[in-house]
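Before any comments, here is the structure.
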Amino acid sequence: MPQILWSTRWQPGPAAGAVEPGAEVLVGVTEFVTHRPWRTLSVGAAGVRLRRTWPRTPGAVGMWLWADVGPRMDRSGSITVWTAHEHLMGFVARPDHRAIVRAHRDGGTLRSATWTAPFTSRSAVYDSAWRLVSGAVPWPVGTA
């Protein structure tokens, strides 16, 4: 079945203006594949709720949400950009994020990847992450 990928526009975080061109950032990509396609909408809605908090998330440079809106509609996730790993870990540990993870844990399979890269532009980060999301490059071995 063909995949039809969609993403939101860039949502800047509070650190968006503080990152100098070429500064090293942490890029995170998540993919959640639901066991039942009808669960994808509730997972996506949870992602949108978290996205609304993004402008107040410490260390957040920016993010995109994405979804495979092809026939199966069972994949969605995020591409996030952080000033440092500890900020990503702080977000993951937040009570609202943890509640969403608990609510959907048994409903699908999660994998994620992170890497550091120089922040040359939003589009360069997006293109790099999108190659992973689209399957143009394989997910790194040992990802969660």
**Prompt:** With every protein chain in place, what's the accessible area of E20 (1.4 Å probe, Å², nearest 10)?
**Reply:** 120
**Request:** Could you state the angle between the C-alpha long axis of helix 122-134 and the longest principal axis of the C-alpha atoms of the chain, as a value from 0 to 90 degrees rounded to the nearest 10?
**Result:** 30
**Per residue accessible area of segment 1-139, 1.4 Å probe, in Å²** = 54
**Fill in**
Yeah, segment 66-127 with a ≥ b ≥ c from its alpha-carbon gyration tensor (a/c under 1.5 is rounded, else prolate when a/b outruns b/c, oblate otherwise) is oblate
**Item:** Crossing angle, helix 95-104 versus the chain [Cα axis fit, 0-90 degrees, rounded to tens]
**Value:** 30
**Fill in**
Once D127, D96, D74 are ranked on solvent-accessible area with the largest value leading and a 1.4 Å probe, the list reads D127, D96, D74
**Asked** Among residues other than D74 whose Cβ falls under 11 Å from its Cβ, what is the net charge (Lys/Arg +1, Asp/Glu -1)?
**Response** +2
**Request:** Among V125, I100, P2, flag the residue with its Cα farthest along the positive direction of the charge dipole of the chain, charges on Cβ as +1 for Lys/Arg and -1 for Asp/Glu.
**Result:** I100
**Prompt:** Based on the alpha carbon coordinates of segment 1-79, what radius of gyration and maximum Cα-Cα distance (Dmax) apply, in Å?
**Reply:** 14.2, 42
**Message:** With +1 assigned to the C-beta of every Lys and Arg and -1 to the C-beta of every Asp and Glu, and no other charges, what is the dipole magnitude of segment 49-144 about the Cα centre in debye, to the nearest 20?
**Reply:** 280
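Compactness ratio of the chain: Cα Rg over 2.2 N^0.38 Å, N = residue count?
Working: Rg = 14.5 Å, N = 144, 2.2 N^0.38 = 14.5 Å.
Ratio of Rg to 2.2 N^0.38 Å for the chain: 1.00.
Of all trypsin sites (Lys or Arg not before Pro) in segment 1-108, which ones are in loop regions per DSSP and have a Cβ with at most 10 other Cβ atoms within 10 Å? Mind dumping the intermediate values first?
Numbers: sites: R9, R39, R49, R51, R52, R56, R72, R75, R98, R102, R105; in loops: R9, R72.
Counting only loop positions with at most 10 other Cβ atoms within 10 Å, the trypsin sites (Lys or Arg not before Pro) in segment 1-108 are R9.
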**Message:** Quick one: 3J(HN,Hα) in Hz for segment 46-63, Karplus 6.51/-1.76/1.60 with θ = phi - 60°, rounded, Gly and Pro as x.
**Reply:** 5, x, 5, 4, 5, 4, 5, 8, 4, x, 10, 8, x, x, 7, 8, x, 7
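The values are calculated or read from the model by the stated rules, or taken from the named source; none is laboratory data. Quantities reported herein were computed from a predicted structural model and do not represent experimental measurements. Reconstructed Cβ throughout: ideal geometry from the backbone, glycine too, with neighbour counts over all protein chains shown. Accessible surface areas use protein heavy atoms only, side chains included; no ligands, DNA or RNA. Shrake-Rupley method; radii C 1.70, N 1.55, O 1.52, S 1.80 Å.
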